[in-house]
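The values are calculated or read from the model by the stated rules, or taken from the named source; none is laboratory data. Just so it is clear, the structure is predicted and the values come from calculations on it, not from any experiment. Every residue, glycine among them, receives a Cβ derived from its backbone with ideal geometry; neighbour counts consider all protein chains shown.
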Amino acid sequence: MNKRLLGVTLTLWVVALTGPMESSQIQDLTDKVAVQDAVVDFGAPHPQPASPGHHILSPEEVTIVKGGTVTFVMNGTGHGLAIHPVSKNTTRQHIAEDLCQGGPALCNTTAQTARRQYLITDGEGSLIIDTGVFPAQPVVDHTPGQLISAGAGVLLTGSTPTTAGTQVRHRFAEDGRYLVICINRVHSINDWMFGFVNVV
Ligand SMILES: [Cu+2]
């Protein structure tokens with residue numbers, strides 16, 4: 001096979017492989033290559049970037065097979081973990097649009113934006129989390145529909161550059177798409193500290 005023909009063949013393969021995947025991802029975000037078990041850094045690994053850049057999940061999204069596990073490694077301070085099922089078409093934007101808007105310039109502890117009430121809905125418009133107001137609800141720990149809340153509303157011990165932090169491993173018995181969110185109001189509401197687990 002000459003080089004030109006090989007190039008045409010490869011291009012056709014790329015089109016064949018990526019074409020259908022893109023259209024199905026629009027309908028169902030859980031249609032991803034799955035692993036048995038995954039590890040997610042809850043808070044950026046050390047050395048961490050300056051606040052609020054470390055209020056992230058890395059990777060932001062994982063896909064596991066039904067019955068598999070995700071281990072969340074708590075990095076840095078002040079994190080708590082809650083998991084909620086969401087509709088399979090829920091995008092990051094669906095969650096982010098219900099949180100504080102404007103980034104660190106407008107969403108910060110001085111403005112006390114994390115103390116207000118936010119209603120977080122999924123891709124179908126279903127209410128997933130009612131944050132309530134601080135201090136009546138000191139953390140984002142909305143019980144109905146919640147799969148787990150590690151620490152039951154209490155923040156977990158995170159790692160430092162020299163010591164290991166709490167690790168939370170959850171086995172997902174049912175397929176679907178799940179929102180994983182930090183229960184620390186500042187982290188989730190101001191800094192959008194959340195991610196997703198797909199179970200297929
Ligand atoms: Cu956090």
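Computed quantities for the displayed model
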quantity: Options Thr131, Thr163, Thr113: the member that is within 18 Å of Ile83 (Cα to Cα), polar (S, T, N, Q) and either away from the ligand (no atom under 16 Å from the Cβ) or in contact (Cβ under 8 Å) with a residue 24 or more places away in the chain (or both); calculated: Thr131
quantity: Criterion (more than 16 Å from the ligand (Cβ to nearest atom) and touching a residue at least 12 places away in the same chain (Cβ under 8 Å)) met by exactly one of Leu155, Leu106, Leu119; calculated: Leu119
quantity: Matching residues in region 85-96 - criterion: being within 16 Å of the ligand (Cβ to nearest atom) and either surrounded by fewer than 22 Cβ atoms within 10 Å (Cβ to Cβ) or farther than 20 Å from Val139 by Cβ (or both); calculated: Ala96
quantity: Candidates Asn89, Asn184 - the one that is polar (S, T, N, Q) and either under 21 Å from Leu29 (Cβ atoms) or touching a Pro at 6+ places or on another chain (Cβ under 9 Å) (or both); calculated: Asn89
quantity: Unmet criterion (only one of (1) within 21 Å of Trp192 (Cβ to Cβ); (2) under 16 Å from the mean Cα position of the chain (by Cα); (3) crowded, with 17+ Cβ neighbours inside 10 Å) for Gln48; calculated: (2)
quantity: Residue within region 71-90 that is free of Cβ contacts under 8 Å to residues at least 40 places away in the same chain, farther than 21 Å from Ser149 by Cβ and not in a strand (DSSP E or B) present; calculated: no
quantity: Test result for Gln167, over 23 Å from Gly67 (Cα atoms) and at pLDDT 95 or above; calculated: no
quantity: Whichever residue in region 62-82 is within 16 Å of the ligand (Cβ to nearest atom) and β-branched (Val, Ile, Thr) and, among such residues, is surrounded by the most Cβ atoms within 10 Å (Cβ to Cβ); calculated: Val73
quantity: Inter-residue pairs, beta-carbon under 8 Å, first farther than 17 Å from Asn108 by Cα and more than 14 Å from the ligand (Cβ to nearest atom) and in region 42-55, second part of a loop (DSSP other than H, G, I, E, B) and of a type in the set (S, T, N, Q), 6+ apart; calculated: His46/Thr160
quantity: Test for Thr110: is it out of contact with any helix residue (DSSP H, G or I) (no Cβ under 9 Å at 6 or more places or on another chain), of a type in the set (Val, Ile, Thr), under 21 Å from Leu57 (Cα atoms) and in a loop (DSSP other than H, G, I, E, B); calculated: no
